[in-house]
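**Q** Below: one structure in structure tokens.
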């Protein structure tokens, strides 16, 4: 999916309050993998909430595949959201349910209203289960299919969350620090799977991260500081100076890799 | 308002209420009252433990127990369809950027469900019992209906609050996939709140049991009806037996629900 922020997109959480995003213009082509870096409070999460219409702009225009999302009706917003996959630092899975059930939920993106109830009552059919198992195998957690989310380690949770994305096959993936606080092996598997989704499925991938090594694996880096874009260019040219500048401006500590 | 002023208002409120209720500690010390009280209490020294009477009491206890069970089922049947609409975090119109009228229309089912639950709950079981005794006649079914309707209002509110209290992230993630209200409950809220919902439902059953002992006073069956009769006939040794039986029953119910809670966990 193509994402376009134009006309200087601005967002404030309170009327007259300080802007969380301020005059942002970014164009992202379909299938691109873009890392978004910046200190806490720089506007990364705000940008993501904007794209799922969890927020509306106070200025500028956000369009996805050419359509202004501010003009969408409730049902169109729902359709848009089905095509967007999200993954957070916390994983956002249902604790009391099994890994399998949580991954199966990903198949609901292109299913009818009754499918959710059917899934809740008797689980997914053989087709759904097979595709979920494939995803679990890719992330090396097939043996945990029947474990409850609450029993998993942080890394395993995150892998399960990526499995949900794999069965959902969204057109746009918003990954908010998916590899923060997980073990190395999990981080590698998570990033690998996200990258594969972007490459094979043509999903556009927006990856918010503090980890510069992770960011440099993207095609492009957008650096935010205090709600403004301070760098937008190829990751190969995103030097330590850029990173340091982005973090220094926020009065925050630069990440380890950049110091 | 100063602390002194507040204290004065409080004292006036208590005095005014005491006068209104005709509170008079002297009445308790009155010789005639003392005589009546001691006669009532002496019943506890000689509870009626004859076999035939105990059988009668056991019957009344069973009937009370049955009322509490049927009332719980009625309460659950009432609460299930209302709860999904009474939890504010399941409102579809929380999407920002919607026109005001769309938000208001979206919140309508929520308002209706909340108010229905409030109404069911606001009317005490005894009043419902009077209503249902008129409707279906004297007997335990009227009691079960009365307690069940009240329980439905309570359960709906308690369940909805449990659903509102679940971790927002997982539910939001499922909502973003376009899943509606009922799917959100089945896949998100229920697995997350199951424990608490079961526990509250058991507690409601205990409350039903206590209520089932009272509705008998207005003719809606159970052990209360026996109590009412024995007190009216000044048969205090029988009153004593009934109250001891109540004590045993409430204790048993408490143990039973603790046991169930532990096995469900």
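Bear in mind that the values in this text are calculations on the coordinates, not laboratory data. In this text the structure is predicted, and so the values were computed from the model without any measurement. FYI the Cβ positions are ideal-geometry reconstructions off the backbone, even for glycines, and counts take in every protein chain you see.
**Q** How high is the relative contact order of the stretch B:199-265, in percent, counting Cα pairs under 8 Å that sit 6 or more residues apart?
**A** Numbers: 41 pairs, mean separation 18.9, N = 67.
After rounding, I find 28 percent.
**Q** Quick one: grab the alpha carbon gyration tensor of the protein assembly as shown, order the square roots of its eigenvalues as a ≥ b ≥ c, and give me rounded if a/c is under 1.5, else prolate or oblate depending on whether a/b is larger than b/c. Before the final figure, lay out the partial values.
**A** Values: a/c = 2.88, a/b = 2.25, b/c = 1.28.
Note, shape of the protein assembly as shown comes out prolate.
**Q** Taking the C-alpha atoms of the stretch B:46-264, how large are the radius of gyration and the largest Cα-Cα span, Dmax, in Å?
**A** 21.3, 74
**Q** Compute the long axis of helix A:184-201 from its Cα atoms, compare it with the longest principal axis of the Cα atoms of chain A, and write down the angle in degrees, 0 to 90, nearest 10.
**A** That helix lies at roughly 90 degrees to the long axis.
**Q** Counting only C-alpha contacts under 8 Å and six or more residues apart, can you give the relative contact order of chain B as a whole percent? Please report the intermediate quantities before stating the final value.
**A** On the way: 315 pairs, mean separation 71.3, N = 265.
Relative contact order, chain B: 27 percent.
**Q** Arranged by the count of other C-beta atoms within 10 angstrom, fewest first, what order do B:127, A:69, A:173 take? List each step's numbers first, then the result.
**A** Working: B:127 13, A:69 21, A:173 25.
By the 10 Å Cβ count, ascending, the order reads B:127, A:69, A:173.
**Q** Next question, about the same structure. Could you line up A:6, B:52 from fewest to most neighbouring Cβ atoms inside 10 Å?
**A** B:52, A:6
**Q** Something else about it: Shape of the stretch B:1-137 from its Cα gyration tensor (a ≥ b ≥ c, root eigenvalues): rounded if a/c is under 1.5, otherwise prolate when a/b > b/c, or oblate? Don't jump to the answer; show the numbers that get you there.
**A** Values: a/c = 3.77, a/b = 1.42, b/c = 2.66.
Verdict is oblate for the stretch B:1-137.
**Q** Specify the angular offset, from 0 to 90 degrees and rounded to the nearest 10, of the alpha carbon long axis of helix B:223-232 from the longest principal axis of the alpha carbons in chain B.
**A** Roughly 30 degrees between the two axes.
**Q** Next up: To test your reading of the geometry: what angle, between 0 and 90 degrees and rounded to tens, separates the Cα axis of helix B:190-214 from the longest principal axis of chain B?
**A** For B:190-214 against chain B, the angle is about 20 degrees.
**Q** Follow-up question, since we're still on this one. Testing the spin-label approximation: label points 7 Å from Cα along Cα→Cβ at residue A:122 and residue B:263. State their distance in nm.
**A** Between residue A:122 and residue B:263, the label points sit 2.7 nm apart.
**Q** I need the Debye-formula profile for the stretch A:55-171: one equal scatterer per C-alpha, no solvent, reported as log10 I(q)/I(0) at q = 0.11, 0.12 1/Å, two decimals.
**A** Listed by q, the Debye log ratios stand at -0.42, -0.49.
**Q** Right, something else. Output the antiparallel fraction of DSSP beta bridges having both residues in the protein assembly as shown, as a percent to the nearest 5.
**A** Here the share of antiparallel DSSP bridges comes out near 55 percent.
**Q** Let me ask something additional. Using Cβ counts within 10 Å as a stand-in for footprinting exposure, how do B:190, B:16, B:128 rank, fewest first? Can you show the working numbers first?
**A** Values: B:190 19, B:16 10, B:128 24.
Ordered from fewest to most neighbouring Cβ atoms within 10 Å, B:190, B:16, B:128 come out as B:16, B:190, B:128.
**Q** Compute the relative contact order of the stretch A:137-259 as a whole-number percentage, counting only Cα pairs closer than 8 Å that sit 6 or more residues apart in sequence.
**A** So the answer I get is 19 percent.
**Q** Same structure again: Counting only DSSP beta bridges with both residues in chain A, what percent are antiparallel, rounded to the nearest 5?
**A** 55
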